[in-house]
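Input: a single structure, listed below in structure tokens.
The values are calculated or read from the model by the stated rules, or taken from the named source; none is laboratory data. These numbers come from a predicted model, not from an experiment. All Cβ positions, even for glycine, are placed from backbone atoms using ideal geometry, and neighbour counts span all protein chains on display. Ligands, DNA and RNA are stripped out before the accessible areas are found, and what is left, the full protein with its side chains, is counted by its heavy atoms. Shrake-Rupley method; radii C 1.70, N 1.55, O 1.52, S 1.80 Å.
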Amino acid sequence: MTAVYTWDVFSTLDGYGSYGSYGPDGDWGGYWGKQGPEFLDNRLAVISKEQRMVLGANTFRQFVELLDPIPEADLDPVNSRMRSMPTTVVSTTLTGPFAWPDVTVVAGDVVDVVARLKEESEVPLRSHGSLSLNRALMAAGLVDRVQVTIFPVISGQTGTDPIFEGAADFDLELIESRMFDGRTQELIYRPTLHCSAQPCTAPGPAAEPDPETPPRADMPHLT
């Protein structure tokens with residue numbers, strides 16, 4: 001049995017994964033400033049389960065830049081767990097070493113790397129952000145769950161990094177939905193490539209693992 005792979009991503013209501021600094025209104029902060037106690041408690045519970053994180057190079061760099069300067073004693077529980085999780089980074093550019101305790105950098109085609117991980121891993125796989133990496137994996141049929149957390153924000157003027165821009169078409173089966181703090185919605189779907197003809201293939205080549213733009217609002221909240 002192959003390991004279940006979940007793409008875990010945060011989004012505005014209008015589908016953006018980050019924001020640009022266009023004046024004072026562009027500085028939303030982590031989680032777009034909408035995190036609440038129910039969301040944070042659930043977030044810790046989700047990432048505390050035994051699993052392996054899979055990241056693209058740019059998203060991993062963002063985490064390192066954000067978390068490495070902070071002493072472990074000063075990290076909140078969510079960020080402390082993020083830094084300690086077993087993590088595979090798919091990259092042809094990173095070399096290390098890294099201060100994170102359990103990071104493995106694997107070079108190669110992202111589809112081949114993750115297909116092999118799914119076969120070999122004894123624990124579930126989870127990826128956070130890493131937009132182009134996960135769009136390529138969805139097109140290849142390797143993403144078993146899409147977990148979208150929708151924050152109560154419309155960022156029509158400041159939004160950047162449309163999460164599903166350039167993705168193939170998919171039918172989604174809703175597996176689970178939850179509301180946190182009366183405002184933030186978590187939706188978990190099972191994606192199936194949508195096509196009207198056989199054989200069913202996704203358009204375009206698989207993306208390289210490194211070029212995704214990591215969403216700043218998708219980064220953990222620092223307290």
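Quick notes
- All positions within the stretch 2-61 that are open to solvent by 10 Å² or more (accessible area, probe 1.4 Å), in contact with a helix residue (DSSP H, G or I) (Cβ under 6 Å, 6 or more places away or on another chain) and part of a strand (DSSP E or B): Tyr19
- Pairs where the first residue, in the stretch 154-166, is on the phi < 0 side of the Ramachandran plot and open to solvent by 80 Å² or more (accessible area, probe 1.4 Å) and the second is among the aromatic types (Phe, Trp, Tyr) and part of a loop (DSSP other than H, G, I, E, B), C-beta under 8 Å, 6+ apart: Gln157/Tyr22
- Matching residues, the stretch 62-75, being in contact (Cβ under 8 Å) with a residue 40 or more places away in the chain and either open to solvent by less than 10 Å² (accessible area, probe 1.4 Å) or within 30 Å of Val113 (Cα to Cα) (or both): Gln62, Phe63, Leu66, Leu67
- Checked against (1) under 13 Å from the mean Cα position of the chain (by Cα); (2) open to solvent by 30 Å² or more (accessible area, probe 1.4 Å), Thr149 passes all but a single condition, namely (2).
- Here Val89 meets each of (1) in contact (Cβ under 8 Å) with a residue 60 or more places away in the chain; (2) farther than 19 Å from Gln185 by Cβ; (3) open to solvent by less than 40 Å² (accessible area, probe 1.4 Å) with one exception, condition (1).
- If you go through the stretch 41-84 and keep only what is closer than 19 Å to Gln147 by Cα, under 16 Å from the mean Cα position of the chain (by Cα) and of a type in the set (Gly, Ala, Ser), you end up with Ser48, Gly56.
- Any hit, the stretch 173-184, residues being aliphatic (A, V, I, L, M) and either modelled with pLDDT under 95 or open to solvent by less than 20 Å² (accessible area, probe 1.4 Å) (or both): no
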